[in-house]
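The values are calculated or read from the model by the stated rules, or taken from the named source; none is laboratory data. Everything numeric in this text was worked out from a predicted model, so none of it was measured. Heads up, the Cβs are rebuilt from the backbone with ideal geometry, glycines too, and the neighbour counts pull from every protein chain shown.
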Amino acid sequence: MPRGKEHHYETTVTWTGAAAGGTRTYQGYSREYRADFPGKPSITGSADPAFRGDPARHNPEDMLVLALSACHMLSYLALAALEGLEVTAYTDSAGGTMQQEGKGGRFTEVVLRPRVTVAPGSDLTRAEALHEEAHKTCFIANSVNFPVRHEAEILCG
């Protein structure tokens, strides 16, 4: 079976919380980190507040939901453009559910709630159907082992 083109992505994650002291106790160590990407701005983060992280910083769980939402949106916009469907606005209020089990856990689902506005005269049925195609072409959704659902709202205007 022929393979498609490979794409590679790199990041360096540094535990910046080490400056505040080591991991002497679970309660006492800092969860702060910095992610560096070649040629791109850095991102600072922490653990989820439920795991003693800084609530003002992004956590890995936030970023997983973000990655799924952004990938779906970009896939949808590409498909719409290829079909000549003019999208004039797009927002998504996505949410994920994670189940903690012992010392670990896993996501059980992510729900995307895209609100898409298309140009007057657009085929609203086709605009709705493109969400299923976007889901099938989203690289991130194809890489996770939990359901990613979408509850789209299509507006004309």
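Remark: pairs (first residue in region 87-116, without any contact (Cβ under 8 Å) to a residue 12 or more places away in the chain; second residue crowded, with 18+ Cβ neighbours inside 10 Å; Cβ separation under 9 Å; 6+ apart in sequence or on different chains) = Gln99/Phe107. Quick check, is Leu77 within 24 Å of His7 (Cβ to Cβ) and either surrounded by 12 or more Cβ atoms within 10 Å (Cβ to Cβ) or among the aromatic types (Phe, Trp, Tyr) (or both)? Spelling it out, Leu77 is indeed within 24 Å of His7 (Cβ to Cβ) and either surrounded by 12 or more Cβ atoms within 10 Å (Cβ to Cβ) or among the aromatic types (Phe, Trp, Tyr) (or both). Filter region 40-92 for residues that are of a type in the set (Ser, Thr, Tyr) and not assigned by TED's automatic domain parsing to the domain that holds Tyr9; which is farthest from the chain's Cα centre (by Cα)? Residue satisfying both the conditions and the ranking: Thr88.
A count restricted to region 86-133 and to residues that are basic (Lys, Arg), closer than 14 Å to Val65 by Cβ and in contact with a helix residue (DSSP H, G or I) (Cβ under 8 Å, 6 or more places away or on another chain) stands at 0. If you go through region 13-29 and pick out every residue that is touching a Phe, Trp or Tyr at 6+ places or on another chain (Cβ under 8 Å) and either of a type outside the set (A, V, I, L, M, F, W, C) or under 25 Å from Phe139 (Cα atoms) (or both), you end up with 7.
Taking each residue of region 132-151 that is in the same structural domain as Gly96 (by TED's automatic domain parsing) and looking for partners that are modelled with pLDDT of 95 or more and in a loop (DSSP other than H, G, I, E, B) with beta-carbon atoms closer than 6 Å, six or more apart or interchain, yields Glu151/Arg113.
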